[in-house]
Amino acid sequence: MGIETLFKRSNSYSRMRLEEWLQTLEIDAEAVADVGAKKSPVQHRVKSWRVTRYDILDLPEYDLNKEWEIYEVYDAVFCLEVLEYVYNPLQAMKNLHRMLKSAGVLYASFHFIYPHHGPRSRDYLRYTQWGVDKLLEEAGFGSWERYSRPFKRPWGIALFYMGEKMKGLDNNLGQLHGDQGYLVKALK
């Protein structure tokens, strides 16, 4: 068995955590947008779905890096596994905020540690928990819940940090960063 076969899986642990989280969501809304979802729409991945209007907004027509002229149209907006492809994250968050009606909800995912992936030369950013919070705050979101996407084997990343002699906030082995990303539910 080659190394490629050993590591090839249908879903990463990060993706499994996302799917588990989605299975807890009950969506009951008049209008929902799914940004960047052409390949993997969310409507069949949540616990329940009672939605009158469902729009998938994808490239090239909808580039999150550029200012959009969509205002207060949606009760909920999903932006999943997209934000690492954004090179202008504050503009992207402002666009997502602007799309939501008053008291609307944003569901978004952020990677902190994830390997480079395709399309080649379009994978731009990773986010810390503080980066996620700052983007939401600056974009105007009133409150949010941030859920960790922990590593399946956190000791593996701890050994990597130690082997590379990287110093985190706390050099205590038990306090080394164990998140590979974040899932967010933010309220306008």
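Read-outs: derived from the displayed coordinates by stated rules, not from any lab. Computed from a predicted model, the values in this text were never measured in an experiment. Neighbour counts run over all protein chains shown; Cβ positions are idealised from the backbone, glycine included.
Beta carbons within 10 angstrom, averaged per residue: use that to sort the peptides 135-145, 76-86, 95-105, 62-72, highest first.
Details: 135-145: 15.4, 76-86: 22.9, 95-105: 19.9, 62-72: 13.6.
Ranking the peptides 135-145, 76-86, 95-105, 62-72 by packing returns 76-86, 95-105, 135-145, 62-72.
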### Summary
Mean separation of Cα contacts under 8 Å (at least 6 apart) over the residue count of the chain, i.e. the relative contact order in percent, is 21
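Send over the Kirkwood Rh of the stretch 1-100, from the inverse of the averaged 1/r over different Cα pairs, rounded to one decimal Å. Working shown, then result.
Values: mean 1/r = 0.0668 Å⁻¹.
Roughly 15.0 Å, rounded to one decimal.
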### Message
What is the sum of charges, Lys and Arg at +1 and Asp and Glu at -1, for the other residues whose Cβ falls under 11 Å from the Cβ of Tyr147?
### Response
+1
### Task
Just round it to a whole percent: the fraction of Cα-Cα distances in the stretch 55-188 exceeding 24 Å.
35
## Note on the structure
Rounded to whole angstrom, the alpha-carbon centroid of the stretch 124-141 lies from that of the stretch 21-81 at a distance of 19
### Message
Relative contact order for the stretch 1-110: what percent, with Cα pairs under 8 Å and sequence separation of 6 or more?
### Response
25
## Note on the structure
As a percent rounded to 5, the proportion of antiparallel DSSP bridges among beta bridges in the chain is 45
### Task
Compute the length gained on full extension between Glu26 and Asn88: take 0.36 nm times their separation in residues and subtract their Cα-Cα distance, giving the result in nm to one decimal.
19.3 nm
